[in-house]
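The values are calculated or read from the model by the stated rules, or taken from the named source; none is laboratory data. Because the structure is predicted, anything quoted here is derived from the model rather than measured. Cβ placement follows ideal geometry from the backbone for every residue including glycine, while neighbour counts extend to all protein chains displayed. Ligands, DNA and RNA are stripped out before the accessible areas are found, and what is left, the full protein with its side chains, is counted by its heavy atoms. Shrake-Rupley method; radii C 1.70, N 1.55, O 1.52, S 1.80 Å.
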Amino acid sequence: MDTQAQHSERDRSPEPDAGSGEESRFSRVRDRVVSVLSWRRVLTGVVVAAVLLLLFSSYVVQPFLIPSRSMEPTLKVGDRVLVNKLAYRSGDGPERGDVVVFDGTGSFVREDPDANPLTGLVRGAASSLGLTEPADTDFVKRVVGVGGDRVVCCDARGRLAVNGVTVDEPYLYPGDTASRVPFDILVPAGALWMMGDHRSRSSDSRDHLGSPGGGMVPVERVTGRVDWLGWPPARAGSLEGTGAFDRVRAPGAAHG
């Protein structure tokens, strides 16, 4: 028996399987395809979530970043509030005492025909998600007078009166009076008289008495009512209402 030949047969390495190489290449290609599809699913999910959030923000509840001190102490710089866009969809308009977000174009700020629509769209989308400060045309104020109201300021104690009824405003910034600027205005139908709670730091309807529209904000410019405070966590919750205007009579009753 040729033992050397037997050893040679036993030591011979198996021939590489051609099918095994093809399977390996197939596995690598499959892994790449799965990886690409996984990333596409993730990106698609992110895009869909962003679109749904934008739609929700556009029609239901919109986050709003407070940019100034005009509504202190009710709202502070950096607060993120949630604006209820369904608050007035049933036909009832804003009421005295409501804190609302509105577009001040044409009332608080002039219209800008040269504004870049693309830049405005991007900024508006970011603002709608509460990621950036609101546009320069967006404001948050308290409704003090509605259509038909006569708002007068001030009496000897620094208080304003609506339809002949003196109003005590507990939400005012400590040390502030209702206004340092006297005024006597009649709010047109379909319009609102807006004021900030920090009267000495608020640029509001009083500052636009001589402007077109006389500082009045059209009701259709109201984005929604501020119903909730979302940030900071220590103050998160429903925004407390006010009974300051409970005694104020309807405009018709005030005149007769």
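Give the residue, chosen from ASP92, ASP103, ASP98, ASP114, that is closer than 29 Å to GLY214 by Cβ, open to solvent by 90 Å² or more (accessible area, probe 1.4 Å) and modelled with pLDDT of 80 or more.
The unique qualifying residue is ASP92.
Taking segment 66-89 as the search range and keeping residues that are part of a loop (DSSP other than H, G, I, E, B) and of a type in the set (S, T, N, Q), which one is surrounded by the fewest Cβ atoms within 10 Å (Cβ to Cβ)?
Per the criteria, the residue is SER68.
Going through segment 191-207 one residue at a time, which ones are of a type in the set (Asp, Glu), buried (at least 21 other Cβ atoms within 10 Å of the Cβ) and either over 21 Å from the mean Cα position of the chain (by Cα) or closer than 13 Å to THR177 by Cβ (or both)?
Listed by number, the list holds a single entry, ASP197.
Out of VAL151, VAL181, VAL165, report the one residue that is modelled with pLDDT of 95 or more, over 29 Å from the mean Cα position of the chain (by Cα) and more than 26 Å from LEU65 (Cα to Cα).
Result of the check over VAL151, VAL181, VAL165: VAL165.
Among the residues of segment 244-256, count how many are open to solvent by less than 80 Å² (accessible area, probe 1.4 Å), part of a loop (DSSP other than H, G, I, E, B) and more than 22 Å from GLY91 (Cα to Cα).
Matching residues across segment 244-256 total 1.
Give the residues of segment 208-219 that are open to solvent by 30 Å² or more (accessible area, probe 1.4 Å) and either closer than 13 Å to VAL101 by Cβ or modelled with pLDDT of 95 or more (or both), sorted by residue number.
PRO218, VAL219
Output yes when any residue across segment 181-190 is in contact with a Leu (Cβ under 7 Å, 6 or more places away or on another chain), open to solvent by less than 10 Å² (accessible area, probe 1.4 Å) and not hydroxyl-bearing (Ser, Thr, Tyr), and no when none is.
For segment 181-190, residues in contact with a Leu (Cβ under 7 Å, 6 or more places away or on another chain), open to solvent by less than 10 Å² (accessible area, probe 1.4 Å) and not hydroxyl-bearing (Ser, Thr, Tyr): absent.
How many residues are buried (at least 17 other Cβ atoms within 10 Å of the Cβ) and part of a loop (DSSP other than H, G, I, E, B) if we restrict to segment 136-146?
So the count comes out to 2.
Taking segment 220-237 only, how many residues are in a strand (DSSP E or B) and either at pLDDT 95 or above or open to solvent by less than 60 Å² (accessible area, probe 1.4 Å) (or both)?
Residues that pass the stated criteria total 10.
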